[in-house]
Amino acid sequence: MIAFAIRRIFQSIIVLLVVGLVAFAMFNFVGDPVDSMLGQERTDADVERVRTQLGLDKPFPVQYYRFLEGAIQGNFGISYRQGRPVSEMIAERLPATLELAFVSAFLAIIFGVTLGIFTAIYKKGWAANIIMTLSLIGVSLPTFLIGILLIYLFAVELSWLPSFGRGEVVDLGWWRTGFLTKSGLLAIILPAITLGLYQMTLIMRLVRSEMLEVLRQDYIRFARARGLKDRSIYFRHALKNTLVPVITVTGMQLGSIIAFAIITETVFQWPGVGLLFINSIRFVDIPVMAAYLMLISLMFVTINFIVDMLYFAIDPRVRLEKRGDEK
Amino acid sequence: MFTKIIENFQRARNSDFLYSFTKSPVAIISFFISLALILGAIFAPFIAPHDPFNPATLNLMNGFSAPMQPNEFTGEIFWLGTDDQGRDVFSTILFGMRISLFVGFAAVAFAMVLGVTLGLIAGYVGGWIDAAIMRIADVQLTFPGILVAMLIFGIVKGFTPIEQRDEMAIWVLIIAIGLSEWVQFARVVRGATLVEKNKEYVQAARLNGRSSTGIMLSHILPNVLGPVLVIATISLALAIIAEATLSFLGVGAPPTQPSLGTLIRIGQGFLFSGEWWIILFPALTLLMLALSVNLLGDWLRDVLNPKLR
């Protein structure tokens, strides 16, 4: 277990170092930040001042060292476009993205597991068929079209829900939350559904196929023979054994929820880090791009590591296989 | 010569491939829908009733005409309506599809050439080259493709001079989407190469003194093409959606060369004022295109390689 964990941590650090190198290369070789900050009307003195301010007059190794040092402390320099520290910009927008991701993941898991069990139990019923067909369409629709469709239905036609923004937020000092106001709660519904729909269909299909697999096994037949109630068989005997793959896939999907939040945030003008990232690409704002890249790789690497460890802890078969590998 | 053509024709007519095609309604429908859309895109300049990019032919009075209804000022009828500047939506869709499909095909071709080359080298040469290539592939696979494409788009855009950014955007898109999709090709080709390289015919070729490059290209490559074709079709659907998503987010095709994604982005602005046709028809076209190519890819996978199912 420990050897496996150490090896995985080592691999994660290598991934992060590679990403860090890419981020640093972006700083050094992409465009001229002085151009993008000052525009066309400028004096030579302005150029000199900005170059010193950004540390661009130092030699390459010094810049690299400074970058690494800064990155470890969460300091990614100053945004070319807004002239503010990038860490500050990300910190004030991170709560919005995390709240959105959390609500979507929650919806995806609750509805995904429930519908998965339902379609597995009533696999020949008309309701299950409709759900499965809808899920196929849901998977093939691009995320942004789902968002636009929801906006059209619930914001334009029915005008039940807001179509953009976060509503009113409450400032808790270091975290601005939308969970405490009515408009904040209403505003999160549509973006969260848009973002969670794909993951929901994925979890649903997984739970369904795992359930069908388990329900065929002998111990389920024995449980029936013993005269246990259906509910007890489905939930206590069958569902429990489907959970291992569901946990791993859900864990892996957490990372993609945060990445796909970029699209949802743009559709709904949700003021999170994804929207910040898209705007930084549009205006080639390198420090913001680099910081986002580092942040999201850290998240991905951490999530993957935790999922691997969970997998290792939950499923004894993985442990045996790994030992087999090592020999 | 003629007999050879006839012979090939006979072989094609009796093949399993054609047989399973005629037995699958889904495949037939998606094939003809994709074909119609692709032909529409290729011949857009001849089919389109209006030229949406020539300001001289535009009449602002035609703006916001509803589909199939005569315009209230000019009395002209547009099948799918017009946008705010009087551009015919049907024509902009045809031209938009041209860009979407061009980016899709070019990106997949780029990803295919890169992935197949790297996969062949990794599988045939082995050693640290194999380890390095596959390590990069693994790292890239940890991240969703669309995120990789966005990042590469941003980086490459940074390298292009500011004046040329709009003109170059299409090519930047192709590079970004291509680089985000090479991994699948490389992995499959590497796996197949590992199997093929130990077979007798490869050993015979080696004994004959053929060079490694020759063996890779003329002996191994033809034998791994089946799965490559399947991945290429599925990648095409992914690339079309990726292109539309990036353009929709404003980091893809510029408004001067609108793709389907750009058209949807423009149309979103009119959603609240009731001009639904400006967004609905490009969105439907994108859906039909992506769905039909995707279904075709699924069918191809089942036919060419039942093991992959």
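The values are calculated or read from the model by the stated rules, or taken from the named source; none is laboratory data. Worth saying up front: this structure is predicted, and the values here are computed from it rather than measured. Here the Cβ positions follow ideal geometry from the backbone for every residue, glycine too, while neighbour counts run over all protein chains shown.
Of all residues in segment A:80-90, which are assigned to a helix (DSSP H, G or I) and free of Cβ contacts under 8 Å to residues at least 12 places away in the same chain?
Of all residues in segment A:80-90, those assigned to a helix (DSSP H, G or I) come to A:86-90.
Within segment A:80-90, just A:E88 meets the criteria.
Taking A:R231 and the conditions (1) free of Cβ contacts under 8 Å to residues at least 24 places away in the same chain; (2) closer than 17 Å to B:P144 by Cβ; (3) more than 14 Å from chain B (Cβ to nearest Cβ), which numbered condition does it fall short on, given that it satisfies the others?
(2)
Being crowded, with 19+ Cβ neighbours inside 10 Å, within 7 Å of chain A (Cβ to nearest Cβ) and free of Cβ contacts under 8 Å to residues at least 24 places away in the same chain is the filter here; which residues of segment B:250-278 pass it?
Residue satisfying the conditions is B:Q268 alone.
Is it true that A:I306 is out of contact with any Cys (no Cβ under 9 Å at 6 or more places or on another chain), surrounded by 16 or more Cβ atoms within 10 Å (Cβ to Cβ) and more than 8 Å from chain B (Cβ to nearest Cβ)? Let's see the steps before the verdict.
Values: out of contact with any Cys (no Cβ under 9 Å at 6 or more places or on another chain): yes; surrounded by 16 or more Cβ atoms within 10 Å (Cβ to Cβ): no; more than 8 Å from chain B (Cβ to nearest Cβ): yes.
When the stated conditions are applied, A:I306 does not pass them.
When A:L197 is evaluated against the numbered criteria (1) outside any loop (DSSP other than H, G, I, E, B); (2) surrounded by fewer than 16 Cβ atoms within 10 Å (Cβ to Cβ); (3) under 24 Å from the mean Cα position of the chain (by Cα), which criterion, by number, is the only one it fails?
(2)
Output the number of the condition that A:G227 fails; it satisfies all remaining conditions of (1) surrounded by fewer than 18 Cβ atoms within 10 Å (Cβ to Cβ); (2) at pLDDT 85 or above; (3) not in a helix (DSSP H, G or I).
(2)
Counting only residues that are in contact with a Phe, Trp or Tyr (Cβ under 7 Å, 6 or more places away or on another chain) and within 10 Å of chain B (Cβ to nearest Cβ), which one in segment A:291-300 is nearest to A:G255 (Cα to Cα)?
A:F300
Could you list, in sequence order, all residues of segment B:127-177 that are touching a residue at least 60 places away in the same chain (Cβ under 8 Å), more than 13 Å from chain A (Cβ to nearest Cβ) and either touching a Pro at 6+ places or on another chain (Cβ under 9 Å) or of a type outside the set (A, V, I, L, M) (or both)?
Residues satisfying the conditions are B:D130, B:I170.
Within segment A:123-135, identify whether any single residue is part of a helix (DSSP H, G or I), within 30 Å of A:E265 (Cβ to Cβ) and either within 14 Å of chain B (Cβ to nearest Cβ) or modelled with pLDDT of 85 or more (or both), and answer yes or no.
So far as segment A:123-135 goes, yes, one or more of its residues are part of a helix (DSSP H, G or I), within 30 Å of A:E265 (Cβ to Cβ) and either within 14 Å of chain B (Cβ to nearest Cβ) or modelled with pLDDT of 85 or more (or both).
Any idea how many residues of segment B:240-249 are touching a Phe, Trp or Tyr at 6+ places or on another chain (Cβ under 8 Å) and more than 9 Å from chain A (Cβ to nearest Cβ)?
Of the residues in segment B:240-249, 1 are touching a Phe, Trp or Tyr at 6+ places or on another chain (Cβ under 8 Å) and more than 9 Å from chain A (Cβ to nearest Cβ).
Just a yes or no: is a residue in segment B:129-148 surrounded by fewer than 22 Cβ atoms within 10 Å (Cβ to Cβ) and polar (S, T, N, Q)?
The answer is yes; a qualifying residue exists.
Yes or no: segment B:201-223 includes at least one residue that is over 30 Å from A:G255 (Cα atoms), within 13 Å of another protein chain (Cβ to nearest Cβ) and touching a residue at least 40 places away in the same chain (Cβ under 8 Å).
We begin by selecting, within segment B:201-223, every residue over 30 Å from A:G255 (Cα atoms); these are B:201-223.
Narrowing the set further to residues that are within 13 Å of another protein chain (Cβ to nearest Cβ) leaves none.
Checking segment B:201-223: not a single residue is over 30 Å from A:G255 (Cα atoms), within 13 Å of another protein chain (Cβ to nearest Cβ) and touching a residue at least 40 places away in the same chain (Cβ under 8 Å).
Under 26 Å from B:L286 (Cα atoms), outside any helix (DSSP H, G or I) and under 30 Å from the mean Cα position of the chain (by Cα): is that true of B:P67 in this structure? Working first, answer last.
Working: under 26 Å from B:L286 (Cα atoms): yes; outside any helix (DSSP H, G or I): yes; under 30 Å from the mean Cα position of the chain (by Cα): yes.
Considered against the rule, which asks whether it is under 26 Å from B:L286 (Cα atoms), outside any helix (DSSP H, G or I) and under 30 Å from the mean Cα position of the chain (by Cα), B:P67 comes out as yes.
Output the residue which, of all residues in segment A:136-169 that are part of a loop (DSSP other than H, G, I, E, B), without any contact (Cβ under 8 Å) to a residue 12 or more places away in the chain and on the phi < 0 side of the Ramachandran plot, is nearest to the other protein chains (Cβ to nearest Cβ). Don't jump to the end; show me each part of the working.
Narrowing segment A:136-169 to residues part of a loop (DSSP other than H, G, I, E, B): A:141-142, A:158-169.
Subset that is without any contact (Cβ under 8 Å) to a residue 12 or more places away in the chain: A:141-142, A:158-160.
Now narrow it down to the ones that are on the phi < 0 side of the Ramachandran plot: A:141-142, A:158, A:160.
Working: A:L141: 7, A:P142: 5, A:L158: 13, A:W160: 15 Å.
Filtering first and then ranking leaves A:P142.
Return a yes/no flag: does segment B:95-115 have any residue that is surrounded by 18 or more Cβ atoms within 10 Å (Cβ to Cβ) and over 16 Å from the mean Cα position of the chain (by Cα).
no
Condition check ((1) at pLDDT 75 or above; (2) closer than 17 Å to B:W277 by Cβ) across all residues:
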site	(1), (2)
B:S15	no, no
B:L18	yes, no
B:S24	yes, no
B:L37	yes, no
B:A44	yes, no
B:T57	no, no
B:Q69	yes, yes
B:I77	no, yes
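Provide a single number: the residues in segment B:20-29 that are more than 13 Å from B:L295 (Cα to Cα) and either assigned to a helix (DSSP H, G or I) or polar (S, T, N, Q) (or both).
Narrowing segment B:20-29 to residues more than 13 Å from B:L295 (Cα to Cα): B:20, B:22-23.
Within this subset, residues satisfying the condition of being either assigned to a helix (DSSP H, G or I) or polar (S, T, N, Q) (or both) are B:20, B:22.
Number satisfying all stated conditions: 2.
Looking only at segment A:206-218, decide whether some residue is hydrophobic (A, V, I, L, M, F, W, C), away from chain B (no Cβ under 14 Å) and within 25 Å of the chain's Cα centre (by Cα). I'd like the intermediate steps shown before the answer.
So the first thing to find is which residues in segment A:206-218 are hydrophobic (A, V, I, L, M, F, W, C), and the list is A:206-207, A:211-212, A:214-215.
If we keep only those that are away from chain B (no Cβ under 14 Å) as well, we get A:206-207, A:211-212, A:214-215.
Keeping just the survivors that are within 25 Å of the chain's Cα centre (by Cα) gives A:206-207.
Yes, segment A:206-218 has at least one match.
Just one of B:F9, B:F46, B:F32, B:F17 is in contact (Cβ under 8 Å) with a residue 60 or more places away in the chain, part of a helix (DSSP H, G or I) and aromatic (F, W, Y); which is it? Quick ask: steps written out before the conclusion?
Values: B:F9 fails: in contact (Cβ under 8 Å) with a residue 60 or more places away in the chain; B:F46 fails: in contact (Cβ under 8 Å) with a residue 60 or more places away in the chain; B:F32 fails: in contact (Cβ under 8 Å) with a residue 60 or more places away in the chain.
Going through B:F9, B:F46, B:F32, B:F17 in turn, just one is in contact (Cβ under 8 Å) with a residue 60 or more places away in the chain, part of a helix (DSSP H, G or I) and aromatic (F, W, Y): B:F17.
Which of the numbered conditions does A:Y219 fail, given that it passes all the others? Conditions: (1) surrounded by fewer than 18 Cβ atoms within 10 Å (Cβ to Cβ); (2) over 22 Å from A:G274 (Cβ atoms); (3) touching a Gly at 6+ places or on another chain (Cβ under 8 Å).
In the conditions (1) surrounded by fewer than 18 Cβ atoms within 10 Å (Cβ to Cβ); (2) over 22 Å from A:G274 (Cβ atoms); (3) touching a Gly at 6+ places or on another chain (Cβ under 8 Å), A:Y219 misses (3) alone.
Being buried (at least 23 other Cβ atoms within 10 Å of the Cβ) and either among the acidic types (D, E) or touching a helix residue (DSSP H, G or I) at 6+ places or on another chain (Cβ under 7 Å) (or both) is the filter here; which residues of segment A:175-191 pass it? So that I can check it myself, show each step before the final result.
Residues of segment A:175-191 that are buried (at least 23 other Cβ atoms within 10 Å of the Cβ), as a first pass: A:178, A:187-188, A:190-191.
Of everything in segment A:175-191, those that are buried (at least 23 other Cβ atoms within 10 Å of the Cβ) and either among the acidic types (D, E) or touching a helix residue (DSSP H, G or I) at 6+ places or on another chain (Cβ under 7 Å) (or both) turn out to be A:G178, A:I188, A:L190, A:P191.
Regarding A:I247, is this residue modelled with pLDDT under 85, surrounded by fewer than 20 Cβ atoms within 10 Å (Cβ to Cβ) and under 29 Å from A:N304 (Cβ atoms)?
Numbers: modelled with pLDDT under 85: yes; surrounded by fewer than 20 Cβ atoms within 10 Å (Cβ to Cβ): yes; under 29 Å from A:N304 (Cβ atoms): yes.
So A:I247 passes the test.
Kindly list, by first and then second residue, each pair from a residue in segment A:106-133 that is under 23 Å from A:L190 (Cβ atoms) to a residue that is at pLDDT 85 or above and of a type in the set (G, A, S), limited to pairs with Cβ atoms under 7 Å and residues at least 6 apart or on different chains.
Sorted first by the residue in segment A:106-133, then by its partner, the pairs are A:L107/A:A192; A:L107/A:G196; A:A108/A:G196.
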